[in-house]
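To start, the structure itself, in structure tokens.
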Amino acid sequence: MLKTILLSFALLLGVPSTQVVAKPQPKRCEAITQKGTRCKNQAVENGKYCPVHKSKATSAKKCKAKTKDGKRCSRAAKKQGYCSQHYQMYLKKKI
Ligand SMILES: [Zn+2]
Ligand SMILES: [Zn+2]
């Protein structure tokens, strides 16, 4: 049904239907902003993130967990962005 509508549209506009369907979509950044919404920037070529989030993703090699006194954990991240100790806590859903 939808295909028929699209096809007749294409015929109306005088464009071959293949051109209508095969429209290249610019990839959007897959990062989630602090507000919890999807980043609206365009992703870099062959990448998942925009330049802003790409640099964040590659530079974030420190554990993302916080210690008891509210400071950022200084150990290196190993799994899911956590150090081995915090990853265990993450698995047990303590953080
Ligand atoms: Zn982004
Ligand atoms: Zn940690």
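Bear in mind these aren't lab numbers, they're just calculated from the coordinates by the rules spelled out. Just so we're clear, the structure is a prediction, and the values are computed from it rather than from any experiment. Cβ placement follows ideal geometry from the backbone for every residue including glycine, while neighbour counts extend to all protein chains displayed.
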Point to revise | Within straight-line cross-link reach of residue 48, lysines at Cα separation under 17 Å, skipping those fewer than 8 residues along the same chain | key: 27, 40, 56
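Using r as the Cβ-Cβ distance of residue 55 and residue 92, and R0 as 30 Å, what FRET efficiency do you calculate, to the nearest 0.05?
So, using R0 = 30 Å, E works out to roughly 0.40.
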Review point. Rounded to the nearest 0.05, what FRET efficiency is calculated for residue 37 and residue 84 with R0 set to 35 Å and r the Cβ-Cβ distance?
Key: 0.65
